[in-house]
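Here is the structure we will look at, set down as structure tokens.
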Amino acid sequence: MKDQLRQAISTALQQCYASGVLSSGELPAEIQLEVPKNPDHGDFATNLAMTMAKAERKAPRQIAEALVAALQGNPLCEKIEIAGPGFINFRLAPNCWYGVLDQVMQAGDAYGRSQVGAGTKIQVEFVSANPTGPLHIGHGRGAAVGDAVAAVLEAAGFDVQREYYVNDAGNQVKTLGLSILLRLRELQGETIDFPEDGYQAEYIRELAAKYLDAEGDLRGLAEEEAIERCARFGVARVLEWIAADLKAFGIGFDNWYSEKSLYDRAMVDMELAKLKEKGLTFEQEGALWLRTTDYGDDKDRVLIKSDGSSTYFASDVAYHMEKFDRGFDRVIDVWGADHHGYIPRMKAMLSGLGHPPEDLEVLLIQMVNLLRDGVPFTMGKRSGNFITLREVIDEVGSDACRYFFLMRRCDSQLDFDLELAKQQSSDNPVYYVQYAHARVCSINRNAAEAGVAQPDPAQVDCSKLQLDEELALAKQLARLPEAIVGAALNYEPHRVVFYLQELAAQFHSYYNRHRVLVDDPAATQARLYLVNCVRIVFANALRILGVSAPEKM
RNA sequence: GCGCCAGUAGCUCAGAUGGAUAGAGCAACGGACUUCUAAUCCGUAGGCCGAGGGUUCGAAUCCUUCCUGGCGCGCCA
């Protein structure tokens, strides 16, 4: 709809040049069309006349008048007005909007999808929590956002892969192994001295007990071997928990990528060798450094420590280099905001290798402040005092939880009060949208019961839809594709949430004011047609957010 | 000290890449269920967009200097 109008304006512009009414001959880079806040200003407005004023050396209103004259008689437009400092306001003919309904009905589940991404290969890596304990609420936010970002990108025509990076190498895994081993010995009656930096939480005892059950005794093994076995066992079990929790949250990954496998395949050495070859590294005090300061980082960074072991950064560098080797055009990382200091060094690494730094986009998920009855919880894996994602899903429900996380832009902090979230379970915003969907389904059930058939798209008389609310609904339906594209290109899934809130508000208002099933059969058919288009849009947008669209509530 | 994010109604937040009179939800107040589900709707009230300066036809939005809150600044992960 918007594109058709844009095309018409462009043609009119060329006419003006041809006839000499306008002289600069410069076609503007882009014809901006926006939906005015005030409905009196029409369906679309453009500031074209104002942006052209300089090149034309004419007053904006003069330019606008020339354009409007050239557009007169266009069947798309019912009314064109010049307003304010030089805006051109367009009111489209109702017929245009009825066409949207046919598009929705015809496309069905696919309505809202577009090809803006043109098949660009893009990877979204998210959650990637260490496999040393269950997911907590902060991971939940990252999970909801990452999955929704992936979904809007898919809907916008990108070729998306969802990946979880498993940090199954390094010290934290050793610590896990040691923690389990010590608890295991404790279970066997030994008195142990549990280190401060071990994992204190209760699930470690659970893992120890499970180990004894499944694998038996460890006595007689060398300490290192025992720790290693416990670690491997623990990582495997914890990953099972994580996968199960994510499944309960409606999230699945295309790929689980093991950090350890990077080492097993000698990928870290290989990728570091490439960096050395390019002269991006240097040795100092027995360590190998990456010269990230050449590309905007504050300090150079250590890759291989003086004791010969590699840093977390080393495997991260190798991992990201390998992502591009795998053919992704663009790579998105979803991180907790506390890792933001890592961005410059990662981008520096890419620049050094000749990638534009924009090929890596890091989404920072701000902290979730967990409260219970307004009292903040301090979270920390080691202290063991934390609320798991699973607990929250069980208490609040997956739909409400995901919706809650997606309602805010991810770079602002989020207060999550468990008691409040539970209380809200009866008037949580998610139900507002879901209820609207359920209401359409209810209308359909009533129609079926009354023997009213679903409308045949070929025969519906949309001119029966003359109410302001009906046209407004059709206009809102027309905006779904651009809402999704906007969310995708900006990595801002919350835009889809706000789109849904608006559509739901319009629908509820319409529902309260007018009946769908009325005496006039033609009007009933047209309204059924309309509300079922609304239903399709609710379902499609909710699906993107990973929230269910119930038929009954 | 340096860097990143935020600061908009009493509270929680939008504000669609610089547009017209800054918007929702919750809370408050007043109304609407013999009618397709009241988890809904209609109405009232609520603002120095943290502060100052700048850029231009036009700024919550861009630049700059401050203020406040959060988070970072390891040969930790």
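Key figures
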quantity	calculated
Rg/Rg_globular for segment A:427-545, with Rg_globular taken as 2.2 N^0.38 Å and Rg from C-alpha atoms	1.09
Overall Cα dimensions of segment A:2-92, principal axis frame, Å, largest first	32, 25, 21
Net charge of Cβ neighbours under 12 Å - reference A:Gln32; Lys, Arg +1; Asp, Glu -1	0
Rounded to 10°, Cα long-axis angle of helix A:267-277 versus longest principal axis of chain A	80
Degrees separating the helix A:202-215 axis from the principal Cα axis of chain A, which is the longest one	70
10 Å beta-carbon shell around A:Leu370, net charge (K/R +1, D/E -1)	-1
Shape parameters for chain A, alpha-carbon atoms, Rg then Dmax in Å	29.2, 97
In degrees, nearest ten, helix A:137-155 long axis to first principal axis of chain A (Cα)	50
Antiparallel DSSP beta bridges within chain A, percent to nearest 5	50
Local electrostatic count, A:Asp359, Cβ distance below 12 Å [Lys/Arg +1, Asp/Glu -1]	0
Cα-based reach from A:Lys174 at 22 Å (exclusive), listing lysines while leaving out same-chain residues under 8 positions away	A:Lys210, A:Lys260, A:Lys305, A:Lys381
Ellipticity estimate at 222 nm from DSSP helix runs (n ≥ 4, -39,500 (n - 2.57)) divided over chain A, nearest 500	-16500 deg cm²/dmol
Cross-link table A:Lys37/A:Lys58; A:Lys464/A:Lys552; A:Lys121/A:Lys299; A:Lys79/A:Lys475, entries beyond 24 Å C-alpha to C-alpha	A:Lys37/A:Lys58; A:Lys464/A:Lys552; A:Lys121/A:Lys299
Between segment A:294-336 and segment A:479-553, the Cα center-to-center distance that results, in Å	43
Exposure rank, largest accessible area first [A:Trp256, A:Trp289, A:Trp335; 1.4 Å]	A:Trp256, A:Trp289, A:Trp335
5 angstrom amide H check on A:Asp415, placed H, neighbours 5+ away	A:Asn369
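The values are calculated or read from the model by the stated rules, or taken from the named source; none is laboratory data. Given the structure is predicted, the values throughout are model-derived calculations rather than measurements. FYI the Cβ positions are ideal-geometry reconstructions off the backbone, even for glycines, and counts take in every protein chain you see. Surface accessibility is based on the protein's heavy atoms, side chains included, excluding ligands, DNA and RNA. Shrake-Rupley method; radii C 1.70, N 1.55, O 1.52, S 1.80 Å.
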